[in-house]
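Visitor: What follows is a single structure, and I will ask about it in a moment.
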Amino acid sequence: MTHKINVPRLFRERYRRILGDEVKTLVEYCLKPLRKSIRINTLKIEREKCLRMLEAKGWELKPVPWYENGFWVENRNEEQLGNTLEHFMGYFYVQEASSMIPPVVLQPEEGDFVLDLAAAPGSKTTQMAEMMRNKGCIVANDIQIQRIKILRFNLEKLGVINAVVTRMDGRRFIKFRERFDKVLLDAPCSSEGIMRKDWKAFSRWNIRFIKEMARLQKRLIDAAAVTLKRGDVLVYSTCTMAPEENEAVVDYAVRKHGLVVEKVKVRGLKARHGILEWEGQEFDKSVKNCLRIWPQDNNSEGFFVARLRKE
Amino acid sequence: MSKLKIMSEEEKGEMLKYLEERFGLKKELFEDYVFVKSGRKIWITNRDVVDKNFSGLNVEAVGMLFLRWEKKKERIKLTTNGAQMFGMHATKNVVEVSEGKVHDVLCGLNLYDIECDAEDGYVILKYKEHILGIGLKQGRFIKNLIPKARRIKKL
């Protein structure tokens, strides 16, 4: 099913430069409703037990290949997902399958001191807490009080005890040199990749906003790079496809902070390389190691992920 | 979050004594955890967290809000999340919610005409093996204390 939405001409033209005629497929997927997916929260229940409970209710669950606790739900809508005992209990969290990728790429471990620089609403923070089995510590930061409330609600509902919530402008972390073992910067962005959730967003889409976001993202990645310990890893991700907010930001971090873009392989994920040129700007060759995830590749949101090591 | 400090052993002992007396929760269950105090609120976290450097950070919360200490009434109210974390180990003042009433509890409705052995005061609400949250029992009435934001519209 597709919907009659006016996709801006400039949007098509920009991505035609990367995808050629495949841009038609991109637009087609942008207008398809997004598949619903959940992440079983093993901080509160064993995966198999939760699966049995949901399947007994007639849920058709299909595994998300890149995260063992992720499942697409084929025959339930969002309201039906929320109004269940299992959701009330925090046994699962409604999370888009692509958004499970950045923690998988970061691979936080039990004893780590992790910074989630733009954490709200907490999807990836709670996933990392699960991966760390509630050990170590995650500083979950956001700037707005309303977003902090949602973040705290989700952390507590899912049984997370290893998170410390901070309310700060993420750019201020530049003051805390080499403090964290791992940093996740899931940056605020123009959200092109999630227009499948909100088609009206196409009417608000504009280049000026993309450029404004890119400026902010560069300041945030400055902070992330400085506060990361030497030898450790920063993951930069966005839910947009705009090269200004993706490859250009990674290229900036490589040149300014000497970060190294590492090759990443994610199980079962179809992803493409980062692009090496955009609007006359050539990027460092290592930017090719970034993951560019188009909505049509995995029938998911669009996403971008880069794994950067500070040497 | 103002005046955040790790709970003293004395205060922790008092809290754990209450949890054992009220719900039969053994103090050994809490050995691996650290409790942080801010006003009347007590937060639970792990030992790794307290060793970390938070200087300069504007901390809003540490770990999970575990309970509120009502000093005047000499009572301690476990949060819904705190109850869900440890309630399966409770041996006293647990009220089993029937299949027919679980919907009411999840929607935030109070319970009437409940027959059970639990004492008046805070009780843990349980459905099968699922710990739903906390209620306040007065005779055959149980006030539902599940926060509004946690409630669901319908099952």
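The values are calculated or read from the model by the stated rules, or taken from the named source; none is laboratory data. All values reported here derive from a predicted model rather than from experimental measurement. Cβ atoms come from the backbone with ideal geometry, glycine included; neighbour counts cover every protein chain shown.
Visitor: Consider B:Ile44 against the criteria (1) more than 7 Å from chain A (Cβ to nearest Cβ); (2) among the hydrophobic types (A, V, I, L, M, F, W, C); (3) closer than 22 Å to B:Tyr122 by Cα; (4) not in a helix (DSSP H, G or I): it satisfies all of them except one. Which criterion is unmet?
Guide: (1)
Visitor: Here are some residues: B:Val49, B:Val36. Which one is aliphatic (A, V, I, L, M), closer than 27 Å to A:Glu109 by Cβ and assigned to a helix (DSSP H, G or I)?
Guide: Answer to the check: B:Val49.
Visitor: Filter segment A:233-249 down to the residues that are in a strand (DSSP E or B) and touching a Gly at 6+ places or on another chain (Cβ under 8 Å) and list them by number.
Guide: The one that is in a strand (DSSP E or B) and touching a Gly at 6+ places or on another chain (Cβ under 8 Å): A:Thr238.
Visitor: Let me ask another. Considering A:Leu269, A:Leu276, A:Leu308, which residue is modelled with pLDDT of 95 or more, aliphatic (A, V, I, L, M) and over 30 Å from A:Glu178 (Cα atoms)? Spell out how you get there, then give the answer.
Guide: Numbers: A:Leu276 fails: over 30 Å from A:Glu178 (Cα atoms); A:Leu308 fails: over 30 Å from A:Glu178 (Cα atoms).
A:Leu269 is the lone residue from the list that is modelled with pLDDT of 95 or more, aliphatic (A, V, I, L, M) and over 30 Å from A:Glu178 (Cα atoms).
Visitor: Determine the pairs where a residue that is in contact (Cβ under 8 Å) with a residue 60 or more places away in the chain, located within segment A:114-129, has a partner that is aromatic (Phe, Trp, Tyr) and assigned to a helix (DSSP H, G or I) with Cβ atoms under 9 Å apart, the partner being 6 or more residues away or on another chain.
Guide: Here the result reads A:Leu115/A:Phe173; A:Leu117/A:Phe173, each pair linking segment A:114-129 to a residue that is aromatic (Phe, Trp, Tyr) and assigned to a helix (DSSP H, G or I).
Visitor: Next question, about the same structure. Can you say whether A:Gly231 is surrounded by fewer than 24 Cβ atoms within 10 Å (Cβ to Cβ), at positive phi and touching a Pro at 6+ places or on another chain (Cβ under 7 Å), as far as the supplied structure shows?
Guide: no
Visitor: Please determine, by comparing only the residues of segment B:53-77 that are within 12 Å of chain A (Cβ to nearest Cβ) and surrounded by fewer than 15 Cβ atoms within 10 Å (Cβ to Cβ), which one is nearest to A:Arg133 (Cα to Cα).
Guide: B:Asn53
Visitor: Output the residues belonging to segment B:78-88 that are more than 11 Å from chain A (Cβ to nearest Cβ) and either touching a Gly at 6+ places or on another chain (Cβ under 7 Å) or farther than 29 Å from B:Leu136 by Cα (or both).
Guide: Of everything in segment B:78-88, just one residue is more than 11 Å from chain A (Cβ to nearest Cβ) and either touching a Gly at 6+ places or on another chain (Cβ under 7 Å) or farther than 29 Å from B:Leu136 by Cα (or both), namely B:Ala83.
Visitor: For segment A:214-240, name all the residues that are hydrophobic (A, V, I, L, M, F, W, C), under 28 Å from A:Arg14 (Cα atoms) and in contact with a Phe, Trp or Tyr (Cβ under 7 Å, 6 or more places away or on another chain).
Guide: Selection gives A:Ile221, A:Cys239.
Visitor: Just to verify a result, which residue in segment A:38-52, among those that are basic (Lys, Arg) and without any contact (Cβ under 8 Å) to a residue 60 or more places away in the chain, is nearest to A:Val64 (Cα to Cα)?
Guide: Once the filter is applied, the top-ranked residue is A:Arg47.
Visitor: Every residue in segment A:71-98 that is more than 9 Å from chain B (Cβ to nearest Cβ) and either at positive phi or small (Gly, Ala, Ser) (or both), please.
Guide: Within segment A:71-98, A:Ala97, A:Ser98 meet the criteria.
Yes/no matrix, rows are residues, columns are (1) of a type in the set (A, V, I, L, M); (2) touching a residue at least 60 places away in the same chain (Cβ under 8 Å); (3) under 30 Å from B:Arg140 (Cα atoms):
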site: B:Lys5; (1), (2), (3): no, no, no
site: B:Met15; (1), (2), (3): yes, yes, yes
site: B:Gly56; (1), (2), (3): no, no, no
site: B:Phe66; (1), (2), (3): no, no, yes
site: B:Glu70; (1), (2), (3): no, no, yes
site: B:Arg75; (1), (2), (3): no, no, yes
site: B:Ala83; (1), (2), (3): yes, no, yes
site: B:Phe86; (1), (2), (3): no, yes, yes
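Visitor: Can you name the residue in segment B:100-154 that is exposed (fewer than 14 other Cβ atoms within 10 Å of the Cβ) and part of a helix (DSSP H, G or I) and is also nearest to the other protein chains (Cβ to nearest Cβ) among such residues?
Guide: B:Ala149
Visitor: What pairs come up if the first residue lies in segment A:155-168 and is within 18 Å of A:Ile40 (Cβ to Cβ) and polar (S, T, N, Q), the second is crowded, with 24+ Cβ neighbours inside 10 Å and modelled with pLDDT of 95 or more, and their beta carbons are under 7 Å apart, counting only those six or more places apart or on different chains?
Guide: Nothing qualifies.
Visitor: Go through segment A:1-114 and tell me which strands (runs of 3 or more DSSP E), entirely inside it, have 1 or more residues that are more than 23 Å from A:Cys239 (Cα to Cα). I'd like the intermediate steps shown before the answer.
Guide: Values: elements: A:36-40, A:61-63, A:70-73, A:92-94.
So the answer is A:61-63.
Visitor: Facing chain B (nearest Cβ under 10 Å), surrounded by fewer than 16 Cβ atoms within 10 Å (Cβ to Cβ), over 19 Å from the mean Cα position of the chain (by Cα) and farther than 24 Å from A:Val226 by Cα, is that true of A:Ile161?
Guide: Taking the combined requirement at face value, the residue does not satisfy it.
Visitor: In the set A:Gly193, A:Gly159, which member is part of a helix (DSSP H, G or I), within 25 Å of A:Phe92 (Cβ to Cβ), among the small types (Gly, Ala, Ser) and touching a helix residue (DSSP H, G or I) at 6+ places or on another chain (Cβ under 8 Å)?
Guide: On the way: A:Gly159 fails: part of a helix (DSSP H, G or I).
Among A:Gly193, A:Gly159, only A:Gly193 is part of a helix (DSSP H, G or I), within 25 Å of A:Phe92 (Cβ to Cβ), among the small types (Gly, Ala, Ser) and touching a helix residue (DSSP H, G or I) at 6+ places or on another chain (Cβ under 8 Å).
Visitor: What number of residues in segment A:173-190 are buried (at least 22 other Cβ atoms within 10 Å of the Cβ) and either within 11 Å of another protein chain (Cβ to nearest Cβ) or part of a loop (DSSP other than H, G, I, E, B) (or both)?
Guide: 5
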